[in-house]
Amino acid sequence: MNRPKIHIPKTPLDHLLEALPFLLVALQFIFIIHHYADLPDSMPRHFNGSGQPDAYGDKSTLWFPPIINLILVAGMIYLARFPHILNYLTEITEQNAATQYRLAQRMLRFMAVLIAGLFGYITVSTVYTGIGKWDGTGRWFLGVFFISIFALLITYVIKASKEK
């Protein structure tokens, strides 16, 4: 794998896409801290495909989603710094490296925003379900989650395929 190692300058959008997921994760932690004292000892810790809670646990388990979220977001943002090690649909050459790398980096950054938002929604749903304001994530959540992920990936594949 002798791919060119080139620096891709970040645009203002790239800077926003790197900062936004960390802001969403921070808001997730702040939301939990704000509501923690009012939470019951037993909180939903899993939702079924219909969005209804189907497993409960200690309220301390509420910290796991934002911690996992932070790890995923940090990993994706960090990985975007090394586009030459990623897998591509086409052979990377000197001529297409900048375009393919930029697309892959942008896809990872958008994915980080999407994941941060989805984990944030899970946290809000868990807290509000625990205190009785909501009754789960909603029936639509799982569908929106999968459609969002696949729409991002399909968009990337289409754009990357056009830029051979």
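The values are calculated or read from the model by the stated rules, or taken from the named source; none is laboratory data. Treat the numbers as computed from the prediction; the structure is a model and nothing was measured. For neighbour counting, all protein chains shown are included, and Cβ atoms are generated from backbone atoms with ideal geometry for every residue, glycine included. The area values use the complete protein model at the heavy-atom level, side chains included, leaving out ligands, DNA and RNA. Shrake-Rupley method; radii C 1.70, N 1.55, O 1.52, S 1.80 Å.
For the stretch 101-135, what are the residues that are in contact with a Ser or Thr (Cβ under 7 Å, 6 or more places away or on another chain), over 14 Å from PRO66 (Cβ atoms) and in contact (Cβ under 8 Å) with a residue 40 or more places away in the chain?
Correct list: ASP135 only.
Might you let me know whether the stretch 70-88 holds any residue that is out of contact with any helix residue (DSSP H, G or I) (no Cβ under 6 Å at 6 or more places or on another chain), open to solvent by 70 Å² or more (accessible area, probe 1.4 Å) and among the charged types (D, E, K, R)?
Yes.
Cβ-Cβ distance below 8 Å, separation of 6 or more or different chains: which pairs start in the stretch 59-87 with a residue that is farther than 30 Å from ILE131 by Cα and end on one that is crowded, with 17+ Cβ neighbours inside 10 Å and of a type in the set (Val, Ile, Thr)?
The qualifying pairs are MET76/ILE115; PRO83/ILE8; HIS84/ILE92.
Would you say THR61 is closer than 23 Å to TYR156 by Cα and surrounded by fewer than 18 Cβ atoms within 10 Å (Cβ to Cβ)?
Values: closer than 23 Å to TYR156 by Cα: no; surrounded by fewer than 18 Cβ atoms within 10 Å (Cβ to Cβ): yes.
No.
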